[in-house]
Structures are given as structure tokens and as C-alpha cells.
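Remarks on the structure that follows.
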Amino acid sequence: MPLLRLTRTSVEKLACAGRQEEYFDTKLTGFGVRVNRNSKSYFAQGKISYPDGSRRKFNETIGRVGIMAFDDAWDAAKGILEDAAKGISPADRRREAQVAAAEDEARRITLRQVYYLYIATRKKMKESTKKGYLESLERNVPEWFDRPIREVTGKMIVQKHAELGARAPGQADSLMRIIRALFNYVIDSEEEDSVPIVSRNPVRKLTVLDAWYRLGRRTTYIHPEDLPAWFAAVLELDEFSRNYILLVLFSGARRTEAAALKVGDADFVRNVCVFRETKTGKVLEVPVARYVMERIKAMLPARGPTLKATDFVFPSLGRRKSKSGHIEDLRAQYKKVIERSGVQFTPHDLRRSFESYAEILRVPVFTKKRLCNHALPKDVTEGYIQFPLEDLRNVVEEVADYILTSAGQNKKAGRGKKR
């Protein structure tokens, strides 16, 4: 174990020999240079002294000569040796550095990263909902999306909410509910002994300031007196778009449920549709007015002999096909109907219209819930309420008669038995 006053010059003069040799500094005990056949490396060697009186040897390589400056190596060795006297090993320092790096990385996690982590944990969330969240964030807060989430403050939340709410209060509340969920996810995911990424949810400031718009549920629908103009405008659309809109209106199905209908789930003998992609997760089998089923049946042969039962009744067409494979965006067609008829409506108004017409006809509330796939009240056991398909068919055809009569259409849906 040769002793040598180690300096930059003395280290440079050490020649690489055939066998390994270690030279220890005469000034800083434990600091040395290891000379091999092809290289020289700085190291620190000694014993860790623990509070219980025990000791453990260590030999820590610091860096290669020629790559690491001598003064830097000497300072690093001094720090290691001082730590050893306090019972802190180089491995302890590495673990500390790893933890610090992980915490720093966590503090830099962006709103976008949190979004993808969040949806990955939501196994029951529909793809359309995930897509809607992403579109809302990218459209309304693009300047926040790729910055650390911890930099989003309560003041920013209040300002953005007010800015968006000036033109679209419903969208403002919806956006902030999404951001609130992402912050809650971060807070709930943190380990108890870790440094928190965010200390509190900044969206809470909207509650403190009572700034939520809290819009009531929409009650708009297509009024019976508007049906003649509206219906005439719908019939001017292409067959594909027209039949999709009519299916939603005459069945009361959600637009996503109707869009995901497959050929094999449309029974043109019994005039029944099976909606599988439902909000409640329960498969819904319901009769659909003969007026609509006949129209859908008539348009399918044009798809050719290769049409399969697993194909969508309303596939996504054109250059920009949807990821789902079925129709998703009919905004252009809705706009045409509004412009031609002068009747303002939203896609969801079609579903509300069906329910409103059923209400006018005094259809029992539980029957309406069954047809539209609403959840029954918690105090009602669903198994005790049975809905024979034929009874539901009578209701559906009665609503269809009401729509067609109000719209001034000559072709009537088959009337069911009066309730």
C-alpha cells in the first residue's frame, strides 16, 4: 500500500503497469489512486462508523483520471470520508440522490401526463369520455397542458373559468370538473411519506368564491309545432344521416348507443334493436318504430353482399374515419337542418324529445325509463318490474304515431294497442 502525496502532477506521473497498484494520499487518509494496465481511477476507502459502534469497510470509485479533475476528485473523496465518520455510506447518498431525482421528476409532471395516468386507472370510463376530456383540455387550456401541474394556481383557475364562462358557462364548469379530478388524482396517489407535488386542489377556489355557474339540466326539445319544418329538413338529408337522426328521435336512444348499433343487432322481423354500447353498461333490447326500421332495412342492401352482422349500421365514412369505426360527428348535417327549418336543437334534444312526447301521451315513468335505459330509483328493485316486449312496442308505436302526425307526414307508423 504505497503512500504518496497526491497532486495533479504526481498522479499524472504514475505509470500504468502490468498489475494493479493502489496509491494512498499522505494528507487525506483514505483518498487514493488505483493504477491498472490501461487506466487510473480515483477512489475513497475506509470504514463506516455506525451509532451502535459497529463498522463496515467500503471502497468507492470516484472517477477516472483524465476525465475527472484532481481537485474535484479530492473534494468528492473528502465528502465521502466525512460522511463515513457520521455513519453515512456512499450507497446511502446514492439512494438519497435517487429519491431527490424522483421527487424532482414528480414535481415536473405535466397536466398532460397526469391526464394519461388518470385515464389509465379508469377501467370503466368510455373511450368517448376520455376523448372528450382530452379535447376539452387541449382546446381550452393549451397553454397549461404541457406545463407542470403544480404551476396551475387558484388564480389561474378563476381567471380561465370566468374567461370561458363569458361565452360558454356550461363548458367552463365542465372543464374545471375535469381539472379538479386530475388534481384529486395526484393528491390521492401520493405516498404519505413523500414530498407532496401539490398541497391542495386549486379548483377549490371556485367553491370558496361561489363562482360555479351550476347550470340546471337542459329541458329543451323539439316542440310538436316545430316538427313539420324540422321533419321536412331532415328528410332532405342523405339517407345515411337521415336514418341515424330518425333512429335517435324515434327510439330515445343516446346518440352514442345508436351510432354503435351493429347490423346483427337490428332485428327487422321483430323490429327490435339491441344497443350494447350503453352509458349504464347494461345491454338494452327495445322495440323500435316500424317506420324507422323499414328505412334502415332499405338502405343496407346498397352496402353490398359482403355486409356482415358485426358491421356497424352507421359506419364512419369518408377520408377522416373515426377510431371507433362508427359515425361520430354529424355537426354539418345538424347545421343544415337548423338552417333549413329555422328550428334550433342539439343532438341530445332528440332523446329529450322522445321522452317529452311520451310524457304528453302519459306513458308511465318506469316504462319511459326502461325504453330510454335510465337507471331506476334506488328504492325500486328492478327485478320486480317486468316490461313485456309487446307492451313496450305499443308505446313505441304510439309515440311514433304522435311524431308523424305532428310532423304532417302521410305515412303513419303502425299503431299499437291503446294502453
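Summary of computed values
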| quantity | calculated |
| --- | --- |
| Length gained when the stretch Thr306-Ala166 is fully extended (0.36 nm per residue, less Cα-Cα span) | 45.3 nm |
| Residue order, fewest to most beta carbons within 10 Å, for Glu127, Glu398 | Glu127, Glu398 |
| Contour minus Cα-Cα distance for Ile360 and Glu190 (0.36 nm per residue) | 55.9 nm |
| FRET efficiency for Glu96 and Ala17, using Cβ-Cβ distance with R0 set to 51 Å, rounded to 0.05 | 0.85 |
| Distance in nm between pseudo-label sites at Lys335 and Val269 (7 Å out along the Cβ direction from Cα) | 4.4 |
| Between the range 1-68 and the range 296-364, the alpha-carbon center distance in angstrom | 78 |
| Per-residue Cβ neighbour rank within 10 angstrom, fewest leading, Glu143, Glu22 | Glu143, Glu22 |
| Likely footprinting exposure, Leu404, Leu249, Leu175, fewest C-beta neighbours within 10 Å first | Leu404, Leu175, Leu249 |
| Set of lysines near Lys27 by C-alpha distance (under 24 Å), chain-local residues within fewer than 8 positions excluded | Lys13, Lys40, Lys47, Lys57, Lys78, Lys86 |
| Rg [Å, one decimal], Dmax [Å, integer] - the chain, C-alpha atoms | 35.5, 110 |
| Length released on extending from Lys321 to Met156, taking residue separation times 0.36 nm less the Cα-Cα span | 55.7 nm |
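Every number here is computed from the coordinates shown, using simple stated rules; none is lab data. Nothing here was measured: the structure is a model prediction, and the numbers come from that model. When we count neighbours, we look across all protein chains shown, and the Cβ atoms used for this are built from the backbone with ideal geometry, even at glycine.
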